[in-house]
Amino acid sequence: MYDCAYKAFEKVAIDNALSWPIDIFQLVKNYKVSLITYDELAYRNNMHILDFLKWMPSQDGMYMQYKGNICIAYNNRKCTETQRFTIAHELGHIIMDHKEDTEQNDKYANCFARNLLCPADKVSTNDLECSCVIANKFLINDRAAKVRVDMIKTDLYYMKKLGIVY
Ligand SMILES: [Zn+2]
């Protein structure tokens, strides 16, 4: 049932001739998606960042549509690796054309982001012994690297089943 996420990742990898670690900031530009930081959004709303964060439904990021433009807002106070995952997750929502932020859609977006930032078949078997090696190579945070290790068999299984080639 995660087919949509794997297929979306495959298409993005092919269309953009990706190599890893990917430049997520450049990638969103290819989709004409603009980026805005939470600091900037807070400033535009005349809010202190701490009040703004209390007001935001997500502490990581969100995507929004404004006058026909699609925009990803992200919490720039998190580490770069977390920002990269947030932006990849939100790009997943946009590319898979999610209309609402359901738990299921979030799972699809996480699957998309995980494979976009760190595809299962790009991780060498040796690196699986230490998630910190994966984190450094693919510029993802520790939590994402641990999930990558945990999900490696599942992802490889589905990529094979679906014939994902890029
Ligand atoms: Zn989400």
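Computed from the coordinates by the stated procedures, all read-outs in this text should not be read as laboratory data. This one's a predicted model, so the numbers in the text were calculated from it and none came from an experiment. Here the Cβ positions follow ideal geometry from the backbone for every residue, glycine too, while neighbour counts run over all protein chains shown.
For a Förster distance of 41 Å, can you work out the FRET efficiency between the beta-carbons of residue 1 and residue 39, rounded to the nearest 0.05? Mind showing how you got there, number by number?
On the way: r = 37 Å, r/R0 = 0.91.
Efficiency at R0 = 41 Å is approximately 0.65.
Count charges around residue 126 for me, please; just the other residues with Cβ under 15 Å from its Cβ, Lys/Arg as +1, Asp/Glu as -1. The answer is 0.
For the pairs 122/161; 54/137; 7/153; 7/54; 122/153, note any where the Cα-Cα span goes beyond 24 Å.
Numbers: 122/161 17 Å; 54/137 34 Å; 7/153 17 Å; 7/54 35 Å; 122/153 13 Å.
Flagged as over cut-off: 54/137; 7/54.
Over all Cα atoms in segment 3-162, the spread is summed up by Rg and Dmax: 15.9, 50 Å. The radius of gyration of the Cα set in segment 1-92, together with its Dmax, comes out at 14.4, 43 angstrom.
Between the C-alpha center of segment 1-23 and that of segment 35-59 there is a gap of 30 Å.
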